[in-house]
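This report concerns only the one structure given below.
Values quoted throughout were computed directly from the atomic coordinates according to the rules given, and no laboratory measurement underlies them. Because the structure is predicted, anything quoted here is derived from the model rather than measured. For neighbour counting, all protein chains shown are included, and Cβ atoms are generated from backbone atoms with ideal geometry for every residue, glycine included.
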Amino acid sequence: MMLAADFPFLARIDTIAECAQAVRPDIGIAGRSTMITACRAAVAELAVACNNRGLLYRDLNKDRVAIKDFGEAVILAPEAVAL
């Protein structure tokens, strides 16, 4: 069961609304930069989670499912997972 705590980037959702309402461009840029960084980190975390789950499936000899997870990890963030 996934909890909101498993997705720390969701806590930053208020930033999206704040960016949309930003009157000064520098504030809007800073807010959007924070969102971009948070999303990239979340994708990397998801890639690592897929890779780690693939390792567990491999340990259970469920190779097809493991390969699917490894593939997903590589697609999401090839630099975040070691082959």
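Once the Cβ-Cβ distance of Ile36 and Asn61 is raised to the sixth power relative to R0 = 30 Å, the FRET efficiency obtained is 0.15. Measure off 7 Å from each Cα along the Cα-to-Cβ vector at Ala44 and Ile75, then give the distance between these two points in nanometres to one decimal. Placing both labels 7 Å along Cα→Cβ, they lie 2.2 nm apart.
Which peptide among 51-57, 24-30 comes first, and what is the full order, when sorted by highest mean count of other Cβ atoms within 10 Å?
My ranking of the peptides, most packed first, is 51-57, 24-30.
In whole percent, what relative contact order does the range 36-83 give with Cα contacts below 8 Å and a gap of six or more residues? Taking the mean separation of contacting Cα pairs over the length of the range 36-83, I get 44 percent.
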